[in-house]
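Heads up: the structure comes next, in structure tokens.
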Amino acid sequence: MSFVLVPVTEMDRVFPMSVEHLQKGLDRCPSEITTHYLFGECRAARASLMVEIKEKQVVNAIVFRFENRQSENIANILCLGGEGQVDWQQAILEVKEVCKPFATKIRAEGRLGWKKKIPEATIVSAIYEWSI
């Protein structure tokens, strides 16, 4: 597995190839974020896109951005998605290497099962929803 960081100048070409995978991630962990929003953030260089390419096709994608929270720089993963049995632990390690010079932590919103995939992670909050 080898993810590459997509330059902003290539976003119009590469992001459309990533939409299907990112949408799968959004569908599994619903949020108010859309692929349209992610594209706008990446195209404006407010977020970054990393992709894994096999046989000239995007097979996995991750969108993240750097944020300053409580005087700490973090890399916030906004969405990730892919096809098949993705080794997300390895993917997160690759994101970590890219982000290490600029952030002290990685943060991501996700299902509780992620704790098994990233045992060193700390659950810092939960999102609650109920009908009215």
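The values are calculated or read from the model by the stated rules, or taken from the named source; none is laboratory data. As the structure is a computational prediction, the values presented were derived from the model and not from experiment. As a convention, Cβ positions derive from the backbone with ideal geometry for all residues, glycine included, and neighbour counts pool all protein chains shown.
Annotations
- Enumeration of residues in segment 91-112 that are over 11 Å from the mean Cα position of the chain (by Cα) and within 15 Å of Glu72 (Cα to Cα): Cys99, Lys100, Pro101, Phe102, Ala103, Thr104, Lys105
- Selection within segment 84-116 - of a type in the set (Lys, Arg) and more than 18 Å from Ser48 (Cα to Cα): Arg111, Lys115, Lys116
Yes/no matrix, rows are residues, columns are (1) closer than 14 Å to Val4 by Cα; (2) touching a His at 6+ places or on another chain (Cβ under 9 Å); (3) modelled with pLDDT under 95; (4) not aromatic (Phe, Trp, Tyr):
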position	(1), (2), (3), (4)
Lys54	yes, no, yes, yes
Phe64	yes, no, no, no
Asn68	no, no, yes, yes
Glu72	no, no, yes, yes
Leu78	no, no, yes, yes
Glu83	no, yes, yes, yes
Gln89	no, no, yes, yes
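- Candidate set from segment 1-10 (those that are under 15 Å from the mean Cα position of the chain (by Cα) and free of Cβ contacts under 8 Å to residues at least 60 places away in the same chain); member that is nearest to Asp87 (Cα to Cα): Val4
- Set Ser48, Ser71: member being hydroxyl-bearing (Ser, Thr, Tyr) and under 12 Å from the mean Cα position of the chain (by Cα): Ser48
- Of the residues Leu26, Leu49, the single one that is touching a Gly at 6+ places or on another chain (Cβ under 9 Å) and either surrounded by 16 or more Cβ atoms within 10 Å (Cβ to Cβ) or among the hydrophobic types (A, V, I, L, M, F, W, C) (or both) is Leu26.
- Out of Glu20, Glu41, Glu55, sole residue that is of a type in the set (D, E, K, R) and surrounded by fewer than 12 Cβ atoms within 10 Å (Cβ to Cβ): Glu55
- Across segment 85-113, the number of residues qualifying as closer than 16 Å to Arg65 by Cβ and either free of Cβ contacts under 8 Å to residues at least 60 places away in the same chain or basic (Lys, Arg) (or both) comes to 12.
- Summed over segment 1-13, the residues that are in a helix (DSSP H, G or I) and touching a Cys at 6+ places or on another chain (Cβ under 9 Å) give a count of 2.
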